[in-house]
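Student: Handing you this structure, nothing more for now.
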Amino acid sequence: MLNDIRYLVLEDGTVYEGYKLGAEGESSGEIVFNTSMTGIQEIITDNSYTDQIITFSYPLVGSAGFNTEDSESLLPTAKGVVVREAVEHPSNFRSQENLDAFLKKYGIVGISGVDTRSITRRIRSTGVMKAMITDSADHEDTVRSLESFELPRDQVERVSTRTPYISTGRGHRVALIDFGKKENIVRSLNQRGCDVTVMPHDSTSEEIMQLKPDGVMLSNGPGNPEDVGAAVETIKSLIGRVPLFGICLGHQLIALAGGASSYKMKFGHRGGNQPVKNLAANKIEITSQNHGYAIVEDSLKDTDFEVTHIAINDGSIEGIRHKTEPVFSVQYHPEAAAGPHDSSYLFDEFMDLMTTEGGRQNV
Amino acid sequence: MSKRTDINTILVIGSGPIIIGQAAEFDYAGTQACLALKEEGYRVILVNSNPATIMTDKEIADVVYIEPLTPDFISRIIRKEQPDALLPTLGGQVGLNMAVELDRLGVLEENEVELLGTKLDSIKQAEDRDLFRNLMNEMSVPVPESDIITTIDEAYDFVDRAGYPFIVRPAYTMGGSGGGICENEDDLKEIVANGLKYSPVNQCLIEKSIAGFKEIEYEVMRDSNDNAIVVCNMENIDPVGIHTGDSIVVAPSQTMTDKEHQMLRNVSLNIIRELEIEGGCNVQLALDPDSFDYYIIEVNPRVSRSSALASKATGYPIAKLAAKIAVGMTLDEMINPVTNTSYAAFEPALDYVVSKIARFPFDKFEKGERKLGTQMKATGEVMAIGRTYEESLLKAIRSLEYGVHHLGLPNGDAFTLDYIINSIKAQSDERLFFIGEAIRRGVTLEEIHDWTKIDMYFLNKFKHIIDIERELKENKNSIPHLKWAKKYGFSDRVIGHRWEMAEGDVFKIRKEEGIMPVYKMVDTCAAEFESNTPYFYGTYETENESVPSDKEKILVLGSGPIRIGQGIEFDYATVHAVWAIQEAGYEAIIVNNNPETVSTDFSISDKLYFEPLTHEDVMNIVNNENPKGVVVQFGGQTAINLADRLSEEGVRILGTSLDDIDRAEDRKRFEALLQEIKVPQPHGKTATNEEEALDNAHHIGFPVLVRPSYVLGGRAMEIVFNENELKNYMRNAVKASPEHPVLIDSYLTGKEIEVDAICDGENVIIPGIMEHIERAGVHSGDSMAVYPPVNLSQDEIDTLVDYTERLAKGLNIIGIINIQFVLSKDGIFVLEVNPRSSRTVPFMSKITEVPMAGLAMHAILGKKLSESSHAPGLQPVKPGYYVKAPVFSFSKLKNVDVTLGPEMKSTGEVMGKDDTLNKALYKSLVASGLDVKDHGTALFTIADKDKTEAVELAKRFSHCGYRILATKGTAAALEEADIPVVTVEKIGEGEETLLRTIQNGNVQIVVNTMTKGKEVERDGFRIRRESVENGVPCLTSLDTARTLIEVIESMTFNMDKM
């Protein structure tokens, strides 16, 4: 019943003692928290968490287990998982293994038995910071090594597909630029009949337009949008030539391409209960979110973009649209997985846009 | 759309008396709603028949009517007050049914009253099984194969098509009244017939049973702008087949992946949108444990017990926001009242686990059928919050106050394995404890799963508890094991048991090792936003968020789950005490564990600790807060019982001293006191064993009233007439309460009088005197009571006042005292003294406008009564007559005898008030659910000892136009007195014609007095049950029958021939 001790050490020197979970070894990354109560598998396998240590604020993690269907990427790239309790005996008809086994399988280091609410509160007040999960009890040494540890900036490159591939369908032809896409974006497009070609993050506009797409989808992905400079150029040249729909990092990149700027949020939005107002419809949708960066509102002023969605709690920008061209994007995740399906209408809007505007490059 | 400015006055309908299926949660919802509407500037008119509620306080609504909840009376209020709108979705099923009725009668249209919240069509669509099923079919939402039936033949047709088992759900009933599962033809005959009878529209839904599916609930909200959110989802540990009110429930759900969760969330939101509900709604779903298949079970288009639970589980105040939505406000424009930094349009994120366990009345109704099914049987519930599932479950278990502290029964070793297994299979209310026993004995989880269909997830968690328990035993004094056990919710008591040491010794070790709980905030957002909610739960983690303020604090102990004998009245008193503490300038802190109540609304107190009311849990809070003192007078026996040990630990108990409480409760000391202050009591003695009891009884003379000391609600109290009965009783009673002696009193017949008073040590304020209608021997909680007394002479009143003052001063009462007297032919005797708040406090406070709980609390804090606006002594009599009538839930509890006696059986009460006594009586009878008719058929079956008295009553019924039926012996007595009577065959004689007469609806009133004996087989018992199950009022006290005939006489014209 009593497991081996392991520590979570934050950059600010806070130490949490817990138990070993998942893979052996130690791991450093940026510590963030997610408030979702379900969709643990989807979250851990979401490549947007590349190089991040995920703290689950909900205490019982993995109660419905892990299965072969719900992963959002082939290889999860999170740096660590922090939980109050890793459920040992999950139960669900699709469950194949528990959290510990799942993390071990992918070499992810975790820690259980810690006060995740306290960690959440600390991140909320101090902001996201570097952290390490380690078996070493020399915390001063750990903090020192954290201080010198640089967060990588090449996450997108590491998680994007290296070569194009197709997920077939009989409807609209969609080029999906993969910055670390969640599988459910592909599934959402396929479900609507789309013929999806997944393209590497550094594809040029020419490579993309060669596909004669009815629309281009810009996926979510990890890290700072400013670290993905090449994509911004690609997007600039795509605007006006083909309908564009961006999600999360894709949304930020569209904004950058349009001349706006981004900023790093104190602790971001991560969870499945984030209320967003659709300004045109004057309606609330509960959204799935996972972002640490956002668009600077003022920076949109002199661009061709306008705000379509805002987060009602902090007023931050959650969706934009080009004033004249068929380009729109949202900061949150209409593909859900994990999270509410309230925003799936955006895929339908993208479909409509492709129907009305899709053929324009052929004209 | 924004707030409506075209309406000013809003009528809110409450839910009436507390019954099984409709309890304190509607006081919580109604109170929140009224306050929310007032906050928005509306004038609120409230009608409710239940005087024990906070919502009927004048502070809560602008105008309060305590009147029967019938279309008749509500119509009168509507005509008088001319409200602009009616809000019906906060008063449970009663409120909803009233709205439907008022509309049907054209009252709403005639008076131009708009229905707020949810449209009537939507209510009908959700409530009417047929319409609902059609809607679901249109939406392609699966519902189990089912049929709407209005006759038994149609049920046979259904069986031909779909087969057994199937579930019967009567339309328009609450808590599944009259429903059940039919496994065979016998069940079909009984349950279907019952269901048709119980449904006010004689309609039942029968549906293919999907027992064994997971039962999942979604609490959803929607505003007029079509914004819709899910506040909470909950998983019932008990699969479909056991009423959700009786199920053990956990929030959030545990065994669904995001896929299933979002699938069910989408369905729930689609339904609330399709129904165009504006406010809160509860959606119950059945999910196949082995696939994505699901069915909709039902939808409640209103706030409910589940929504109260969801509010407390998440912090999100559903009723408050539902009320604001009803007047046009939208979710995105309302601030989340919990965080005050975010908006109401979001879905709460929990960072803890919540367990709810129902509280059943079978400690009082030992003969009641304990098998759980689709008919709710619980009177109340407890909730507990933890950071592990095990912690939340074990905290909930020790909140129940069953004398069970853990996952098992205290005498668990005593049961054979067969008995344990059968008890699990029987799905009784104790299943959880027997499952614990079974795991302890090595029964495999797979077997238990096969029997119960409880998900393996939960069974594994139960096993984990047993594993920890075993490891504790094997590792005595191991600190890591102690820490581990505390994190999983083990109490010191249980650890002490495994370590063979006292609870206090475990506490000492913990203190030395610094293993103390911390308190975490319930903030709706899993700490994502800063929040100042003063709502906390204890757990064993690293960071304590409940930082005590610098203010002086008073800790108030609540009354725990609602049970027979300790109902909503104690929550009323608790809340009033809190308000008084705040007025006096202190910080008021509440500890309670009942999610249904107003007191566990975090906005009531300065700080709410949602924790079990046990010594350990309360002491931990005391250690964290260091209050000036603890108040135990208002939380019923729950709080009083904690006082001793708290005091031993140096905690100051405020108000009446512990020693004086003991003097009131310890028989010998009480006798000494009475002699000293010269207040007479019936001759009585205490006995610690059978022999002593027999000796004493012979000395006093039969009949005697026997009861264990230290009990509430007259538990195990009986009148015994001879030696054999006493012997029999002593064996049961001593088993029921081994630590305390049995009291044996002379049983005096006479009028029972009840007085509540407030004392500050110097002066005594007596708001009024209540006279009971039923003679002494019927528990005061089950008696009808009249204010002001109508049969007392001034001398008698003076004596009562004198005795009350002597008792209050003699016991050095600081605070509140409740006294019951009997007025017998030999004078006035004191029967019982309770040095605490009583059931009648809200009733009397409302009538006399003496805010008793508040005054008492001020007195406890040192303010002299002489400073209050009320003069000492008996207060001047208020004009009018006020009658309290008990309300029972017998129809929901199989095999329970309805006969009134010294043991309390009612679950709630109503008040009738009017200018004349008969009008007030009429109202109270009607409000209690009795249909007072000026003609019909009355069945008399009367014990020999009562025949003389009964003849006179039968004559009066006959005279009014009632046809009289009687069993042979009774009929003979009636015929002798020239009363026209039809003799019916007794049971067992002929073809059970008597029972059939009742079943066929040919009897409107049954008057039955008991031949001695609690045996279920007795004819009387069967007659009484038959009437209850057929909705026929069964009067077991001739006093009640006399009252009824007096009321009928007063409303009937005389038809004497010339």
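The values are calculated or read from the model by the stated rules, or taken from the named source; none is laboratory data. Fair warning: this is a prediction, and the values are worked out from it, not measured in the lab. Neighbour counts are summed over all protein chains in view; Cβ atoms, including those assigned to glycine, are modelled from backbone coordinates with ideal geometry.
Student: For the stretch A:213-234, which residues satisfy the criterion of being at pLDDT 95 or above and surrounded by fewer than 23 Cβ atoms within 10 Å (Cβ to Cβ)?
Tutor: Once the filter is applied, which keeps residues that are at pLDDT 95 or above and surrounded by fewer than 23 Cβ atoms within 10 Å (Cβ to Cβ), the stretch A:213-234 yields A:224, A:226, A:227, A:232, A:233.
Student: Another question about this same structure. Residues in the stretch B:720-740: is at least one surrounded by 22 or more Cβ atoms within 10 Å (Cβ to Cβ) and modelled with pLDDT of 90 or more?
Tutor: No: the stretch B:720-740 contains no residue that is surrounded by 22 or more Cβ atoms within 10 Å (Cβ to Cβ) and modelled with pLDDT of 90 or more.
Student: Further question on the same structure: If the requirement is being of a type in the set (Asp, Glu), closer than 25 Å to residue B:494 by Cα and within 14 Å of chain A (Cβ to nearest Cβ), which of these qualifies: B:401, B:390? Steps first, please.
Tutor: Details: B:401 fails: within 14 Å of chain A (Cβ to nearest Cβ).
Of the residues listed, the single one that is of a type in the set (Asp, Glu), closer than 25 Å to residue B:494 by Cα and within 14 Å of chain A (Cβ to nearest Cβ) is B:390.
Student: Among the residues of the stretch B:99-110, is any surrounded by 24 or more Cβ atoms within 10 Å (Cβ to Cβ) and touching a strand residue (DSSP E or B) at 6+ places or on another chain (Cβ under 8 Å)? First the steps, then the outcome.
Tutor: Kept after step one, since they are surrounded by 24 or more Cβ atoms within 10 Å (Cβ to Cβ), are these residues of the stretch B:99-110: B:99, B:102.
After this cut, where a residue has to be touching a strand residue (DSSP E or B) at 6+ places or on another chain (Cβ under 8 Å) as well, the list is B:99, B:102.
Among the residues of the stretch B:99-110, at least one is surrounded by 24 or more Cβ atoms within 10 Å (Cβ to Cβ) and touching a strand residue (DSSP E or B) at 6+ places or on another chain (Cβ under 8 Å), which makes the answer yes.
Student: Answer with yes or no whether residue B:200 is touching a Lys or Arg at 6+ places or on another chain (Cβ under 8 Å) and either surrounded by fewer than 21 Cβ atoms within 10 Å (Cβ to Cβ) or modelled with pLDDT of 85 or more (or both). Steps first, please.
Tutor: Numbers: touching a Lys or Arg at 6+ places or on another chain (Cβ under 8 Å): no; either surrounded by fewer than 21 Cβ atoms within 10 Å (Cβ to Cβ) or modelled with pLDDT of 85 or more (or both): yes.
Judged against the criteria, residue B:200 is not a match.
Student: Here is a further query. Considering only the stretch B:238-305, give the strands (runs of 3 or more DSSP E) lying wholly within it that have at least 1 residues that are more than 31 Å from the chain's Cα centre (by Cα) and among the hydroxyl-bearing types (Ser, Thr, Tyr). Quick ask: steps written out before the conclusion?
Tutor: Details: elements: B:249-251, B:279-287, B:294-300.
Per the criteria, B:294-300.
Student: Please name all residue pairs, on different chains or six or more residues apart, with Cβ atoms under 7 Å, provided the first residue is in the stretch B:274-292 and is within 14 Å of chain A (Cβ to nearest Cβ) and closer than 20 Å to residue B:167 by Cα and the second residue is outside any loop (DSSP other than H, G, I, E, B) and of a type in the set (D, E, K, R).
Tutor: B:287/B:214; B:287/B:260; B:289/B:214
Student: Any residue in the stretch B:451-471 that is within 11 Å of chain A (Cβ to nearest Cβ), within 28 Å of residue B:649 (Cβ to Cβ), within 32 Å of the chain's Cα centre (by Cα) and surrounded by 18 or more Cβ atoms within 10 Å (Cβ to Cβ)?
Tutor: No, the stretch B:451-471 has no match at all.
Student: Would you tally the residues in the stretch B:283-299 being buried (at least 24 other Cβ atoms within 10 Å of the Cβ) and closer than 23 Å to residue B:29 by Cα?
Tutor: So the answer is 2.
Student: Sticking with this structure for a sec: Select from the stretch B:137-170 the residues that are among the hydroxyl-bearing types (Ser, Thr, Tyr), farther than 15 Å from residue B:194 by Cα and within 33 Å of the chain's Cα centre (by Cα) and list them in ascending order.
Tutor: B:146
Student: While we're here: May I ask you to list pairs of residues, at least six apart or on different chains, whose Cβ atoms are under 6 Å apart, with the first in the stretch A:303-323 being outside any loop (DSSP other than H, G, I, E, B) and the second being buried (at least 22 other Cβ atoms within 10 Å of the Cβ) and basic (Lys, Arg)?
Tutor: A:310/A:277
Student: Same structure, new question: Scan (1) part of a strand (DSSP E or B); (2) within 14 Å of chain B (Cβ to nearest Cβ); (3) in contact with a Leu (Cβ under 8 Å, 6 or more places away or on another chain) for the single condition residue A:288 breaks and write down its number.
Tutor: The one condition residue A:288 does not meet is (3).
Student: What about residue B:883, is it at pLDDT 95 or above, more than 17 Å from residue B:1033 (Cα to Cα), surrounded by 24 or more Cβ atoms within 10 Å (Cβ to Cβ) and of a type in the set (Val, Ile, Thr)? Reasoning before the result, please.
Tutor: Working: at pLDDT 95 or above: yes; more than 17 Å from residue B:1033 (Cα to Cα): yes; surrounded by 24 or more Cβ atoms within 10 Å (Cβ to Cβ): yes; of a type in the set (Val, Ile, Thr): yes.
Judged against the criteria, residue B:883 is a match.
Student: Here is a further query. Failed condition for residue B:259, given (1) within 10 Å of chain A (Cβ to nearest Cβ); (2) within 27 Å of residue B:124 (Cα to Cα); (3) of a type in the set (Lys, Arg), with all others met?
Tutor: (2)
Student: Could you check the stretch B:553-566 and list, in sequence order, the residues that are assigned to a loop (DSSP other than H, G, I, E, B), in contact with a Pro (Cβ under 9 Å, 6 or more places away or on another chain) and modelled with pLDDT of 95 or more?
Tutor: Hit for the stretch B:553-566 is B:560, nothing else.
Student: Under 7 Å by Cβ, and 6 or more places apart or on different chains, what pairs join a residue from the stretch A:86-100 that is closer than 16 Å to residue B:388 by Cβ and more than 11 Å from chain B (Cβ to nearest Cβ) with one that is at pLDDT 95 or above and in a helix (DSSP H, G or I)?
Tutor: A:86/A:99; A:86/A:100
Student: Quickly run through the stretch B:236-259 and pick out the residues that are free of Cβ contacts under 8 Å to residues at least 40 places away in the same chain and buried (at least 23 other Cβ atoms within 10 Å of the Cβ).
Tutor: Going through the stretch B:236-259, the residues free of Cβ contacts under 8 Å to residues at least 40 places away in the same chain turn out to be B:236, B:253, B:257-259.
Correct list: B:236, B:253, B:257, B:258.
Student: In the list B:569, B:583, B:596, B:611, which residue meets the criterion of being at pLDDT 95 or above, over 21 Å from the mean Cα position of the chain (by Cα) and acidic (Asp, Glu)?
Tutor: It is B:583.
Student: Being part of a strand (DSSP E or B), over 28 Å from residue A:269 (Cβ atoms) and more than 10 Å from every other protein chain (Cβ to nearest Cβ) is the filter here, so list the residues in the stretch A:8-31 that pass it.
Tutor: Initially, the stretch A:8-31 is screened for residues part of a strand (DSSP E or B), giving A:8-10, A:15-22, A:27-31.
Checking the rest, the ones that are also over 28 Å from residue A:269 (Cβ atoms) come to A:17, A:19-20.
Matches in the stretch A:8-31: A:19, A:20.
Student: For the stretch B:512-534, indicate whether the set of residues that are away from chain A (no Cβ under 14 Å), in a helix (DSSP H, G or I) and either over 26 Å from residue B:649 (Cα atoms) or out of contact with any His (no Cβ under 6 Å at 6 or more places or on another chain) (or both) is non-empty.
Tutor: Yes: one or more hits.
Student: Report yes if residue A:186 is touching a Ser or Thr at 6+ places or on another chain (Cβ under 8 Å) and farther than 23 Å from residue A:289 by Cβ, otherwise no.
Tutor: Numbers: touching a Ser or Thr at 6+ places or on another chain (Cβ under 8 Å): yes; farther than 23 Å from residue A:289 by Cβ: no.
When the stated conditions are applied, residue A:186 does not pass them.
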